[in-house]
Amino acid sequence: MTLAHRSAVHSDRDATRSPDLLARLLAHDRPLVMGVLNVTPDSFSDGGRFLDPAAAIEQARRMVAEGADILDIGAESTRPYGDAVDVPLEEELGRLEPVLPAVVALGVPVSIDTIKAKVAAAALAAGATIVNDVWGLQHDPDMARLVAAHAVPVVIMHNRAAADPAIDIMADITAFLTRSLEIAARAGIARERIVLDPGIGFGKTPEQSLIAIARLGELRSFGLPLLVGASRKRFIDKVSSAPPDRRLGGSIAAHLAAVAAGAAIIRTHDVAETMQALRVAAAIRSAR
Ligand code: HH2
């Protein structure tokens, strides 16, 4: 690597750490794309594909080349469909260790998808700069403190242990996120660092996932940026039968609807195709 290249990488890396990272990211005049990197054997759509560190790093590189604004790395399947297998701390750390530094070195902000404060702490020490907690600071009592101490952006996602078709899902999402925001405030997390996520597929029936996208706009009343991750999720199969690796069309349809309703960040496995869809949708809007 030449010195110039090394210093360019270095300054990119510094930029991924700046205290106003989220504000700078959101200053783009388009929604941001967060690329998913699962270093797991059992993720619902790509389990095992990127468990090998070389394959994971290659996938991260591909997503950066395709224009990902953020890379979201996870080493424990969140198991949106309930069949949870807890991964021991050491194993989660062991999966991240050979991959994370090389992914951070790509110069794009990296978020750590974990519900464990210890994993988040190790990932932040290795250069990740965003925490993505699919239990919205409500699982690990140390998570909020950790996020506050590091002053990093945090994605607070709605979740439930089990779906209940009888509930008003928007009321449940609102109450859960309100509770998470209270936890965040008590811990001293600045509001400017918080992103909210309705948690598509998590503790929701397929119909409730559709409702969460259709009525996403209601969550704008929190006044915080919204993230939506509909990529390859099961509700797509309920509308139009397809296995996880054949749900790209449905994922894009859902993500465009989410953006129209106000989503600022889209979490996807398919960066190039999602980028293209977002660009075309924006070009059509501005051609009016
Ligand atoms: N979905 C998954 C994982 N993490 N984080 C946020 N903020 N929002 C989401 O919708 C979300 C998430 C599930 O997708 P995937 O990572 O592909 O699956 P797995 O958790 O099985 O690895």
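In region 231-244, which residues are open to solvent by 40 Å² or more (accessible area, probe 1.4 Å) and in a loop (DSSP other than H, G, I, E, B)?
Of everything in region 231-244, those that are open to solvent by 40 Å² or more (accessible area, probe 1.4 Å) and in a loop (DSSP other than H, G, I, E, B) turn out to be Ser240, Ser241, Pro243.
Within the group Ala212, Ala175, which residue is aliphatic (A, V, I, L, M), open to solvent by 10 Å² or more (accessible area, probe 1.4 Å) and part of a helix (DSSP H, G or I)?
Ala175
Looking at Val134, Val195, which is the one that is in contact (Cβ under 8 Å) with a residue 40 or more places away in the chain and under 15 Å from Ala117 (Cβ atoms)?
When all the criteria are applied, what remains is Val134.
Condition test on Val280, is it assigned to a helix (DSSP H, G or I) and under 17 Å from the mean Cα position of the chain (by Cα)? Let's see the steps before the verdict.
Values: assigned to a helix (DSSP H, G or I): yes; under 17 Å from the mean Cα position of the chain (by Cα): no.
No; evaluated as a whole, the condition is false for this residue.
Among (1) free of Cβ contacts under 8 Å to residues at least 40 places away in the same chain; (2) open to solvent by 20 Å² or more (accessible area, probe 1.4 Å), there is one condition Ser77 misses while meeting the rest; what is its number?
Checking Ser77 against (1) free of Cβ contacts under 8 Å to residues at least 40 places away in the same chain; (2) open to solvent by 20 Å² or more (accessible area, probe 1.4 Å), the one that fails is (2).
Please list, ordered by first then second residue, the pairs with beta carbon atoms under 7 Å, 6 or more apart or interchain, first in region 28-47 and over 17 Å from Pro244 (Cβ atoms) and in a strand (DSSP E or B), second charged (D, E, K, R) and away from the ligand (no atom under 11 Å from the Cβ).
Between residues of region 28-47 that are over 17 Å from Pro244 (Cβ atoms) and in a strand (DSSP E or B) and residues that are charged (D, E, K, R) and away from the ligand (no atom under 11 Å from the Cβ), the close pairs are Leu32/Asp69; Val33/Asp69; Met34/Asp69.
Which members of region 245-278 meet the condition of being surrounded by fewer than 18 Cβ atoms within 10 Å (Cβ to Cβ) and closer than 25 Å to Ile73 by Cβ?
Matches in region 245-278: Asp245, Arg246, Ala272, Glu273, Gln276.
Name the residue, out of Leu256, Leu224, that is within 18 Å of Val134 (Cβ to Cβ), away from the ligand (no atom under 12 Å from the Cβ) and free of Cβ contacts under 8 Å to residues at least 40 places away in the same chain.
Leu224
Considering only residues of region 178-198 that are open to solvent by 40 Å² or more (accessible area, probe 1.4 Å) and among the charged types (D, E, K, R), which is nearest to Ile130 (Cα to Cα)?
Looking at the filtered set, the residue picked out is Arg193.
Pull up region 154-172, narrow it to residues that are part of a loop (DSSP other than H, G, I, E, B) and either acidic (Asp, Glu) or touching a His at 6+ places or on another chain (Cβ under 8 Å) (or both), then point me to the one that is least open to solvent (accessible area, probe 1.4 Å).
Looking at the filtered set, the residue picked out is Asp164.
Suppose we filter region 34-49 for residues that are crowded, with 24+ Cβ neighbours inside 10 Å and more than 18 Å from Asp133 (Cβ to Cβ); how many remain?
1
For region 67-111, enumerate the residues that are closer than 27 Å to Met275 by Cβ, assigned to a loop (DSSP other than H, G, I, E, B) and more than 13 Å from the ligand (Cβ to nearest atom).
Correct list: Gly67, Ala68, Asp69, Val99, Ala105, Leu106, Gly107, Val108, Pro109.
Which one of the conditions (1) within 12 Å of the ligand (Cβ to nearest atom); (2) not in a helix (DSSP H, G or I) does Gly262 fail to meet, given that it meets all the rest?
It is condition (1) that Gly262 fails.
If you check Ile194 against the conditions, is it under 14 Å from the mean Cα position of the chain (by Cα) and on the phi < 0 side of the Ramachandran plot?
Criteria met by Ile194.
The values are calculated or read from the model by the stated rules, or taken from the named source; none is laboratory data. Being a predicted model, the structure only gives us computed values, none of them experimental. Neighbour counts are summed over all protein chains in view; Cβ atoms, including those assigned to glycine, are modelled from backbone coordinates with ideal geometry. Protein only, heavy atoms only, side chains kept; ligands, DNA and RNA dropped before computing areas. Shrake-Rupley method; radii C 1.70, N 1.55, O 1.52, S 1.80 Å.
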